[in-house]
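Chemist: Supplied in structure tokens, the structure appears directly below.
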Amino acid sequence: MDRSRHMKKRLWRWRNNPLRRHHDILEAWIMLAVWAVTAVGGTVAGLVTAHAADEVFARQRAERHFVRAVLLNDVPRNVAGDGATGDKISARVRWTDPNGSAHTDTTLVDTGLNAGSRIVVWTDGRGGITAEPPTPTEAAVEAGALATAAALAFAGLAFGAGTLARWRLDRRRIDQWGREWDLVGPQWGHKTG
């Protein structure tokens, strides 16, 4: 019995009620639409984002390849300055691509290495140095995070639009109450007890 009374209280805008106004019905439809758009649109936005991210990461794994490179200069162990990030520093390396062409570029390497040390660098389809592509697990986690962010952003937009619509309805109600008060208020007079 208590549960049915609770549901009646929640769904009062949908019930036939002499106190129910047109704005109440409109607000109920707006909120129903906001929830439906959020559920469906958020899901679609998340799935589309996850699929697009998976495609990008798969393309990166297909296009990027590692090659063995040779360090051209000694890299001191404790260096603080330009190009230093943690235990890595920017240094010149040389490598030969599968076509036999020699390349020279700058990349981050571990500190304390000597010239001639062999290191692994990742190259893109054009032969330039790039970052290592994400593993399938890393890609799945990142795609999931991006999908969640997209779904939440879509839900925020939907709820923002619903809140704006409800605010406009409230403004109309307040204006309507003001007009009705202007009609009824003078009939009461200014008599006090």
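Chemist: Go through (1) in contact with a Ser or Thr (Cβ under 8 Å, 6 or more places away or on another chain); (2) part of a helix (DSSP H, G or I); (3) open to solvent by less than 70 Å² (accessible area, probe 1.4 Å) for Phe159 and report which single condition fails.
Modeler: (3) is the only condition that Phe159 fails.
Chemist: Could you grab me the full set of residues in the stretch 115-150 that are buried (at least 16 other Cβ atoms within 10 Å of the Cβ), touching a helix residue (DSSP H, G or I) at 6+ places or on another chain (Cβ under 7 Å) and within 18 Å of Arg64 (Cβ to Cβ)?
Modeler: Answer for the stretch 115-150, where residues must be buried (at least 16 other Cβ atoms within 10 Å of the Cβ), touching a helix residue (DSSP H, G or I) at 6+ places or on another chain (Cβ under 7 Å) and within 18 Å of Arg64 (Cβ to Cβ): Pro133, Pro134, Ala139, Glu142, Ala143.
Chemist: Hey, can you tell me all the residues within the stretch 52-72 that are under 28 Å from Ala151 (Cα atoms), free of Cβ contacts under 8 Å to residues at least 60 places away in the same chain and open to solvent by 80 Å² or more (accessible area, probe 1.4 Å)?
Modeler: Passing the criteria: Glu55, Arg59.
Chemist: Here's another thing I want to ask about it. Which residue is farthest from Arg92 (Cα to Cα), if the candidates are limited to the stretch 109-158 and must be modelled with pLDDT of 90 or more and of a type in the set (D, E, K, R)?
Modeler: Glu142
Chemist: To continue, here is another question. If the Cβ limit is 6 Å and pairs must be 6+ apart or interchain, which residue in the stretch 85-114 that is within 12 Å of Ile129 (Cβ to Cβ) and open to solvent by less than 80 Å² (accessible area, probe 1.4 Å) pairs with which residue that is part of a strand (DSSP E or B) and charged (D, E, K, R)?
Modeler: Close Cβ pairs satisfying both conditions: Thr104/Arg94; Thr106/Arg92.
The values are calculated or read from the model by the stated rules, or taken from the named source; none is laboratory data. This structure is a prediction, so every number in the text was calculated from the model and none was measured. Positions of Cβ are backbone-derived with ideal geometry, glycine not excepted, and every protein chain shown enters the neighbour counts. Ligands, DNA and RNA are excluded from the accessible area calculation, which covers all protein heavy atoms including side chains. Shrake-Rupley method; radii C 1.70, N 1.55, O 1.52, S 1.80 Å.
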